[in-house]
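Note sheet for the following structure.
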Amino acid sequence: MSIGKLYDAPSCRVTPLKALVKHFKLDVDIVQRDAEFGKLFPLKKVPAFVAADGTPIHEFIAISYYLLSQIPNNPLAPKTKEDEAEVLQWVSFGNQEVLGAAWDTFGPLTGRAPYNKKSVDAASEQLDKLIALTYEPHLTKNTYLVGEKVTYADVANVALLSRGFEYLFDDAWKKKYPATTRWWLTVSKNAVFTGFDFPVTSERIQYTPPKKEETKKETKKEAAPKAANAEDAPAPKKAAHPLAALGPAKEPIDNWKRVYSNEDTREKAIPWFWEHYDPEDYSLWKVKYKYDDELTLTFMSTNLIGGFVNRLSASTKFMFGTAVVYGTNNDNGIIGAFMIRGQDHVAAFDVAPDWESYDFTKLDPSKPEDKEFVDNMWAWDKPVVTASGESKEIVDGAVLK
Ligand SMILES: N[C@@H](CCC(=O)N[C@@H](CS)C(=O)NCC(=O)O)C(=O)O
């Protein structure tokens, strides 16, 4: 009978566990996540391990120690109690501090988490600071993290740092941290990692605009042949849009769209918006999907709002807005904020055949909570707080511009 089963996943926390299983030929089944996974591990996070007696164990460090305890005459074992504490120290440090800062940097840069330049820059600085103050001085004087030989401290930390070498640490970085680089390159080739591939980049991954920016660009392309002020553009061949009867607004909506496209949302665009917002010419609306309960995978919800925004294109000249998907697979919702020309939301939204799938609530920006809602929707950098008070991260969004 096997010792247990380890759920497989492309996660740098799972890699060292799989390495232990394979290198030390532990009798562990490495399995794909199944229906039982969600029942035993309701947070649905990996690593996750089920011992032979059925005990479910989560947390990278706990599973590591369980597997290490199964290796007879473990050559990775530290020699003294002090070394043992140091191994635990480095494993905990790598798992929490280092991977935390690394994820907050590479997650958004690789499109796996929402991008916010300030947060990414801060996380990247923090990652470098951790390395500069810990690994680099230590490894300048020592070959390995603990004692004179490879321990699990090295195995775990090399894996936990692997996304840094894969996406972030360019050649200049490697020159700046030669001891960390030397140690990482050496240990990543250690026999314990036989069969594992650790990609090494020479250039730092660059931020590629998320869908929000792409939507902005696409709309810009469409708008290009029109006059600079779209509201003054000649009427299209199709029947005039009812909102065209309102005539030009005092502050053309395109000015705002330009600021939103080109400036940092929180720092520049939002303050500009409130300085120029004219509640006589425009109104603001909270737009909420009626059937959140029926949403399943977040990417499907993202497709849904992308489609909604596309179908609103006949009203593009008269409105601006963002809609976001928040939450996780099988537990997500859709909400957005839109500014429209005039006060009649039906005229703006009923160009989209699915507009009745949404609830529309007029916002009053003289109320701080409504104003903050608009800010949060347009910046989409903060979690959405649901009616029941739960805070849920934004996964993706779409901009109508
Ligand atoms: N404290 C946990 C963190 C586990 C964790 O965040 N795992 C990530 C992958 S490395 C995950 O499963 N994320 C998916 C999610 O948060 O839904 C540990 O140390 O094992």
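The values are calculated or read from the model by the stated rules, or taken from the named source; none is laboratory data. Quick caveat: nothing in here was measured; it's all calculated off a predicted structure. Using ideal geometry, Cβ is built from the backbone for each residue, glycine included, and neighbour counts are taken over all protein chains shown.
Here Phe308 qualifies as closer than 21 Å to His241 by Cβ and surrounded by 22 or more Cβ atoms within 10 Å (Cβ to Cβ). For the range 6-26, the candidate set comprises residues that are more than 29 Å from the chain's Cα centre (by Cα) and of a type in the set (Lys, Arg); within that set, the residue that is surrounded by the most Cβ atoms within 10 Å (Cβ to Cβ) is Lys22. Taken together, the criteria place Thr110 among residues that are touching a Phe, Trp or Tyr at 6+ places or on another chain (Cβ under 7 Å), β-branched (Val, Ile, Thr) and either assigned by TED's automatic domain parsing to the domain that holds Met377 or under 23 Å from Thr265 (Cα atoms) (or both). Of everything in the range 38-71 that is more than 11 Å from the ligand (Cβ to nearest atom) and hydrophobic (A, V, I, L, M, F, W, C), the residue that is nearest to Tyr7 (Cα to Cα) is Val50.
Tell me, yes or no, whether the range 104-116 has at least one residue that is at pLDDT 95 or above, of a type in the set (Ser, Thr, Tyr) and within 16 Å of the ligand (Cβ to nearest atom). Yes - at least one qualifying residue is present in the range 104-116. For the range 2-26, a tally of residues being away from the ligand (no atom under 15 Å from the Cβ), assigned to a helix (DSSP H, G or I) and either of a type in the set (S, T, N, Q) or more than 17 Å from Val50 (Cβ to Cβ) (or both) returns 3. Only residues that are over 12 Å from Trp183 (Cβ atoms) and in a loop (DSSP other than H, G, I, E, B) were counted in the range 151-170, giving 3. Mind listing whichever residues of the range 265-300 are under 23 Å from Ala387 (Cβ atoms) and surrounded by fewer than 11 Cβ atoms within 10 Å (Cβ to Cβ)? Those that are under 23 Å from Ala387 (Cβ atoms) and surrounded by fewer than 11 Cβ atoms within 10 Å (Cβ to Cβ): Asp293, Glu294. Of the candidates Pro365, Pro353, the single residue that is assigned by TED's automatic domain parsing to the domain that holds Val287, out of contact with any His (no Cβ under 8 Å at 6 or more places or on another chain) and under 22 Å from Ala269 (Cβ atoms) is Pro365.
Is there any pair with a first residue in the range 55-71 that is not assigned by TED's automatic domain parsing to the domain that holds Glu97 and a second that is within 9 Å of the ligand (Cβ to nearest atom) and in a strand (DSSP E or B) whose Cβ atoms are under 8 Å apart and which are 6 or more apart or on different chains, and what are they? Listed pairs, sorted by first residue: Pro56/Ala48; Ile57/Ala48; His58/Ala48; Ile63/Ala48. Scanning the range 27-70 for residues that are assigned to a loop (DSSP other than H, G, I, E, B), surrounded by 17 or more Cβ atoms within 10 Å (Cβ to Cβ) and hydrophobic (A, V, I, L, M, F, W, C) returns Phe41, Val46.
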